[in-house]
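Trainee: Input: one structure, supplied below.
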Amino acid sequence: MNIAWLIVLLIIFVFGQSYLYAKRGFDKISYRRQFDKRSVFVGQEVVLVDEVINKKLLPLPWVRLESKMDDSIKTTGESEFDSSDRDVHRTLLSLLPYQKLTRRHHLVCTRRGVFELDTIALTLGDVFGFSEEFRSFETDAKVIVYPQILSKEELTMPSQIFIGEQTVKRWIIDDPFITIGTRDYLPGDNIKQINWKASARTKNVQVKVNDHTADREVVILVNADQSEDIWLPISDEALFEQTLSYAATVAHYLESNGEEYSFATNAVDKREQHQTKRSFVKVEASSGTAHFYHLLNQLAYLVPERSQHIKYLIDSYMTTETKRADILLITPVMTNELLEKIDQLKAAGHSVVVDHIIVDQQEAVS
């Protein structure tokens with residue numbers, strides 16, 4: 001066989017295999033992507049798992065996986081990502097016939113939020129790289145990153161005081177307005193509690209027995225506003241993150257003490273971000289670990305936008321809630337209008353602690 005025939009056969013082979021990969025390369029290919037954890041805290045590691053299966057006899061000499069990922073999710077030294085582009089991550093692999101290949105990428109989540117990797121691009125080609133075929137796959141990979149939990153010492157003084165007071169304030173106490181019966185007088189009983197009619201009837205000194213009631217409820221309010229002008233965007237994301245981290249930290253200490261608490265903010269839920277009318281974000285009062293993680297999940301979904309002015313949130317609270325409350329207001333800005341609303345809360349019988357935070361500084365007012 002002369003050299004001319006070898007060249008012809010080589011050309012036929014090259015173009016033939018290129019045609020084969022173009023037509024059949026994606027046949028019986030399946031792909032799945034998922035995180036090994038549903039949720040993590042800021043700074044924690046998560047593993048992203050890519051799984052590709054080639055269910056046919058034709059081998060795949062190279063397959064490139066490409067996806068966009070938020071730049072706050074950083075790769076570690078153990079990751080196989082080629083992250084030359086800031087927000088595009090690539091993985092290159094090859095598959096033998098009927099082979100299942102799994103790649104694990106170790107990532108660190110450096111910012112709070114909800115990150116969904118819903119689309120990935122798979123590109124494959126022939127042995128010589130003359131042809132490339134592209135296909136997009138839908139995935140349900142999603143990780144929820146909770147705000148950072150600080151130590152009590154890292155909080156500014158108003159929040160520290162608010163947490164410290166709870167073990168004193170939350171005792172169950174007698175309600176003097178609700179009497180459920182009488183009992184015999186015991187040394188040390190208050191003479192004002194003596195029921196004279198019952199004492200005369202029984203010929204023994206009787207004192208009133210009052211029902212019990214919880215003293216107050218705890219409310220965490222977060223103001224997303226950063227200036228007096230509500231039309232200005234929330235530009236300082238670090239300050240916004242700090243307010244949410246403070247709220248999560250306070251809730252953590254309340255939860256560890258078995259406290260019941262609620263939460264409300266005028267920040268916007270990511271799931272309502274594109275709606276015309278956006279409601280206040282609220283978490284009803286409860287206690288326990290499940291309630292704490294429910295709050296963390298809600299905090300993760302918040303984006304640095306406001307639904308309405310904070311004064312309307314305070315107005316709605318005073319309209320709907322009649323029970324006295326211990327309120328912690330975490331706010332990056334103090335205005336005369338906000339001070340008036342705080343005075344109204346106090347006049348209505350609520351206790352209000354104001355934590356005016358400044359990013360990266362331990363300054364606050366109460």
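Trainee: Which one is surrounded by the most Cβ atoms within 10 Å (Cβ to Cβ) among residues in segment 38-69 that are over 19 Å from the mean Cα position of the chain (by Cα) and charged (D, E, K, R)?
Mentor: Checking each candidate, the answer is Asp50.
Trainee: Can you list residue pairs whose Cβ atoms sit under 7 Å apart, with the first residue in segment 147-173 being among the aromatic types (Phe, Trp, Tyr) and the second being outside any helix (DSSP H, G or I) and modelled with pLDDT of 90 or more? Count only pairs 6 or more apart in sequence or on different chains.
Mentor: Listed pairs, sorted by first residue: Phe162/Leu328; Phe162/Val353.
Trainee: Okay, next question. Tell me the residue from Thr249, Thr276, Thr243 that is assigned to a helix (DSSP H, G or I), under 20 Å from Ile310 (Cα atoms) and not hydrophobic (A, V, I, L, M, F, W, C), please. Step through it out loud before you land on a result.
Mentor: Details: Thr249 fails: under 20 Å from Ile310 (Cα atoms); Thr276 fails: assigned to a helix (DSSP H, G or I).
None of the others qualify; the one that does is Thr243.
Trainee: Does segment 312-323 include one or more residues that are surrounded by 20 or more Cβ atoms within 10 Å (Cβ to Cβ), assigned by TED's automatic domain parsing to the domain that holds Ser262, at pLDDT 90 or above and of a type outside the set (Val, Ile, Thr)? Walk me through how you get there before you give the answer.
Mentor: First pass over segment 312-323, keeping only residues surrounded by 20 or more Cβ atoms within 10 Å (Cβ to Cβ): 313-314, 317.
Next, from what is left, pick out any that are assigned by TED's automatic domain parsing to the domain that holds Ser262: 313-314, 317.
From what's left, at pLDDT 90 or above: 313-314.
Of the ones still in play, those that are also of a type outside the set (Val, Ile, Thr) are 313.
Yes, some residue in segment 312-323 is surrounded by 20 or more Cβ atoms within 10 Å (Cβ to Cβ), assigned by TED's automatic domain parsing to the domain that holds Ser262, at pLDDT 90 or above and of a type outside the set (Val, Ile, Thr).
Trainee: Let me ask something additional. Only one residue in Ala238, Ala251, Ala285, Ala247 is within 25 Å of Glu154 (Cα to Cα) and touching a strand residue (DSSP E or B) at 6+ places or on another chain (Cβ under 6 Å), so which one is that?
Mentor: Numbers: Ala238 fails: touching a strand residue (DSSP E or B) at 6+ places or on another chain (Cβ under 6 Å); Ala251 fails: touching a strand residue (DSSP E or B) at 6+ places or on another chain (Cβ under 6 Å); Ala285 fails: within 25 Å of Glu154 (Cα to Cα).
Testing whether each residue is within 25 Å of Glu154 (Cα to Cα) and touching a strand residue (DSSP E or B) at 6+ places or on another chain (Cβ under 6 Å) leaves just Ala247.
Trainee: With the requirement that a residue be of a type in the set (Val, Ile, Thr), over 20 Å from Lys55 (Cα atoms) and surrounded by 10 or more Cβ atoms within 10 Å (Cβ to Cβ), what does segment 1-37 give you?
Mentor: Of the residues in segment 1-37, the ones of a type in the set (Val, Ile, Thr) are 3, 7-8, 11-12, 14, 29.
Filter again for over 20 Å from Lys55 (Cα atoms), leaving 3, 7-8, 11-12, 14.
Passing the criteria: Ile7, Val8, Ile11, Ile12, Val14.
Trainee: Pairs needed: first member in segment 59-77, under 19 Å from Val145 (Cα atoms); second member anywhere, in a strand (DSSP E or B) and of a type in the set (D, E, K, R); C-beta distance under 8 Å; at least 6 residues apart or different chains.
Mentor: Taking only residues 6 or more apart or on different chains, the pairs are Thr76/Glu45.
Trainee: A follow-up question, please. So in segment 235-269, with the set limited to residues that are hydrophobic (A, V, I, L, M, F, W, C) and in contact with a Ser or Thr (Cβ under 9 Å, 6 or more places away or on another chain), which one is surrounded by the most Cβ atoms within 10 Å (Cβ to Cβ)?
Mentor: So the first thing to find is which residues in segment 235-269 are hydrophobic (A, V, I, L, M, F, W, C), and the list is 238-240, 244, 247-248, 250-251, 254, 263-264, 267-268.
Checking which are in contact with a Ser or Thr (Cβ under 9 Å, 6 or more places away or on another chain) leaves us with 244, 247, 250, 254, 264, 267-268.
Numbers: Leu244: 23, Ala247: 24, Val250: 26, Leu254: 23, Ala264: 20, Ala267: 24, Val268: 24.
Selected residue: Val250.
Trainee: On to the next question. Among (1) at pLDDT below 90; (2) within 23 Å of Ala300 (Cα to Cα); (3) touching a Lys or Arg at 6+ places or on another chain (Cβ under 7 Å), which single condition is Thr156 missing?
Mentor: (3)
Trainee: Within segment 229-269, how many residues turn out to be out of contact with any helix residue (DSSP H, G or I) (no Cβ under 8 Å at 6 or more places or on another chain) and among the hydroxyl-bearing types (Ser, Thr, Tyr)?
Mentor: 5
The values are calculated or read from the model by the stated rules, or taken from the named source; none is laboratory data. If you're wondering where the values come from, they're calculated on a predicted model, not measured in any experiment. Don't worry about glycine lacking a Cβ; one is built from the backbone with ideal geometry, like all the others, and counts go over all protein chains shown.
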